Amino acid sequence: MQKTLNTKKANLAMERAGLTQTAVAESLAVSKEAVSQWLSSKSFPRPNKLLQLGKLLGLPFDELVIKEDPFAPKVAFRKKAGTKTKDHHIEKAQEMGRFLRHLVAYLPFDTLEMPPVLKSPSCEYDYLCKVTAKVREDINVGTAECIDFSHLIRRFSELQAVVVPVMWGVKQRHENAVHIHLPDSQSTWVYLNLDTNIHDFKFWMAHELGHCLSPNLEGDNAEDFADAFAATLLYPNELAEKAYTSINAQPSPAAKIAHVVDLADQFTISPYTVLGQANKYALSTGRNEIKLSNSFHGAVTNFNKRYKNLSEALFGDAELDEHGKPSAKEYINKAETAFETPFFELLRKYLKEHDKGPGFVQTVLDMPLLDARSIHTELT
């Protein structure tokens, strides 16, 4: 476990106490240069000086020092629009990742060979066209064919990524999906919220596939690449070129909007993806972008209303409780079958062999304890 000084809290404590670096140096009988090195993370205080610094600043060890785990779970979020990822979101996802470590021993994958990843992921359009064309070839889908859920599910399996289908609700969650990579085992876990509009869910699956192929990217770079990858995979250059021509051929602004919506409907993707890809094609070839009126946003809203959430489509014929949720048995069976995921079998084996209670299920699936108890009972 590596340790670094929490320079943000140390500087705030110095500011509150009216202490300069010179004053800290004099109090601790060290040089001003030494204090400067500590506060710029270029060096770490010796144990006795660290203790003195904590007393001087009124900071306990846990606040003064950051423990860095070189194998800390790496997380990425597919967030709801307008939300920001905060420290507590990351910490919660990392805690889920630490619980997932217990399931690694039960993975059914061949651990002797790692799945392929991209060497230098880039959002450059020509690069994305080449990469997604290769992915389409790998999953036996033509350059202008519609990608469906089964194609994406199959690719996750081939990349040894474990899909974890969850029901996190429509409004109360920060994230649409969570991608957790465990560096110590090189395993990947993809949480997908089933309470999501079908065409958005397809985009998020493609987005998560982008994360699987670029595990070394982090933060905004990872999200930007995964978004660009998903859009180009679902609506590649060949389709974007035809869309650009056909949209411009429409006789009126309203006809252009209606045509974009129709193109999106054909591929079960968002009209925003169709327009965005058509304009990426335009920029790559030196053409003018297509500009649509503000009515386009209203048309997209109406388009979205026509599609069910995936959970409704998946459990529509099941008996639901007062909260609109299927039984634990129905949820597990249909999720396992639809997503070809080994997750529940891994969880079943671990719970039985280690006699773990509902609390483990609650944390690893990030769900209310009452729901976790139902899942636990069904698995054990």
Considering only residues that are touching a His at 6+ places or on another chain (Cβ under 9 Å) and touching a residue at least 12 places away in the same chain (Cβ under 8 Å), look in the range 117-144 and name the one that is nearest to Ala282 (Cα to Cα). Arg136
Could you list all residues from the range 101-142 that are among the hydroxyl-bearing types (Ser, Thr, Tyr), modelled with pLDDT of 90 or more and open to solvent by 50 Å² or more (accessible area, probe 1.4 Å)? Ser120, Tyr127
Enumerate the pairs (first residue in the range 248-261 and among the charged types (D, E, K, R); second residue anywhere and open to solvent by 30 Å² or more (accessible area, probe 1.4 Å)) with beta-carbon separation below 7 Å, excluding pairs fewer than 6 apart on the same chain, so at least 6 apart or on different chains. Lys256/Gln250; Lys256/Leu292
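Which one is surrounded by the fewest Cβ atoms within 10 Å (Cβ to Cβ) among residues in the range 326-380 that are β-branched (Val, Ile, Thr) and in contact (Cβ under 8 Å) with a residue 40 or more places away in the chain?
Restricting attention to the range 326-380, the residues satisfying the condition of being β-branched (Val, Ile, Thr) are 332, 337, 341, 361, 363-364, 375, 377, 380.
If we keep only those that are in contact (Cβ under 8 Å) with a residue 40 or more places away in the chain too, we end up with 332, 341, 363-364, 375, 377.
Numbers: Ile332: 21, Thr341: 21, Thr363: 16, Val364: 26, Ile375: 22, Thr377: 12.
Among those that are β-branched (Val, Ile, Thr) and in contact (Cβ under 8 Å) with a residue 40 or more places away in the chain, it is Thr377.
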Could you please tell me which pairs satisfy a Cβ distance under 7 Å, a separation of 6+ or placement on different chains, a first residue in the range 36-65 that is charged (D, E, K, R), and a second residue that is surrounded by 14 or more Cβ atoms within 10 Å (Cβ to Cβ)? Lys49/Leu28; Lys49/Val30; Glu63/Asn6; Glu63/Lys9
The correct count of residues that are open to solvent by 30 Å² or more (accessible area, probe 1.4 Å) and not in a helix (DSSP H, G or I) in the range 263-277 is 1
Take Leu12 and decide whether it is assigned to a loop (DSSP other than H, G, I, E, B) and either open to solvent by 80 Å² or more (accessible area, probe 1.4 Å) or not aromatic (Phe, Trp, Tyr) (or both). no
Please enumerate the residues belonging to the range 270-315 that are more than 30 Å from Pro165 (Cα to Cα), touching a helix residue (DSSP H, G or I) at 6+ places or on another chain (Cβ under 8 Å) and among the basic types (Lys, Arg). Lys280, Arg287
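Any residue at all in the range 177-189 that is closer than 30 Å to Ala282 by Cβ and either in a helix (DSSP H, G or I) or within 16 Å of the chain's Cα centre (by Cα) (or both)? Walk me through it before giving the result.
Taking the range 177-189 and keeping what is closer than 30 Å to Ala282 by Cβ, we get 177.
Pick out the ones that are also either in a helix (DSSP H, G or I) or within 16 Å of the chain's Cα centre (by Cα) (or both) and you get 177.
Looking through the range 177-189, at least one residue is closer than 30 Å to Ala282 by Cβ and either in a helix (DSSP H, G or I) or within 16 Å of the chain's Cα centre (by Cα) (or both).
List the helices (runs of 4 or more DSSP H) that sit entirely inside the range 16-76 and contain at least 2 residues that are at pLDDT 90 or above, open to solvent by less than 60 Å² (accessible area, probe 1.4 Å) and not small (Gly, Ala, Ser).
Values: elements: 21-28, 32-39, 47-57, 61-64.
Fully inside the range 16-76 and qualifying: 21-28, 32-39, 47-57.
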Can you tell which of Leu182, Leu217, Leu192, Leu239 is hydrophobic (A, V, I, L, M, F, W, C), touching a Pro at 6+ places or on another chain (Cβ under 7 Å) and open to solvent by 10 Å² or more (accessible area, probe 1.4 Å)? Leu217
Conditions (1) assigned to a helix (DSSP H, G or I); (2) under 23 Å from Gly97 (Cβ atoms); (3) open to solvent by 50 Å² or more (accessible area, probe 1.4 Å); number of the one not met by Arg154: (2)
Could you tell me whether Ala282 is modelled with pLDDT of 95 or more and either closer than 27 Å to His179 by Cα or open to solvent by 40 Å² or more (accessible area, probe 1.4 Å) (or both)? no
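The values are calculated or read from the model by the stated rules, or taken from the named source; none is laboratory data. Computed from a prediction, not measured in an experiment: that's the story for all the values here. All Cβ positions, even for glycine, are placed from backbone atoms using ideal geometry, and neighbour counts span all protein chains on display. For accessibility, only protein heavy atoms count, side chains too; no ligands or nucleic acids. Shrake-Rupley method; radii C 1.70, N 1.55, O 1.52, S 1.80 Å.
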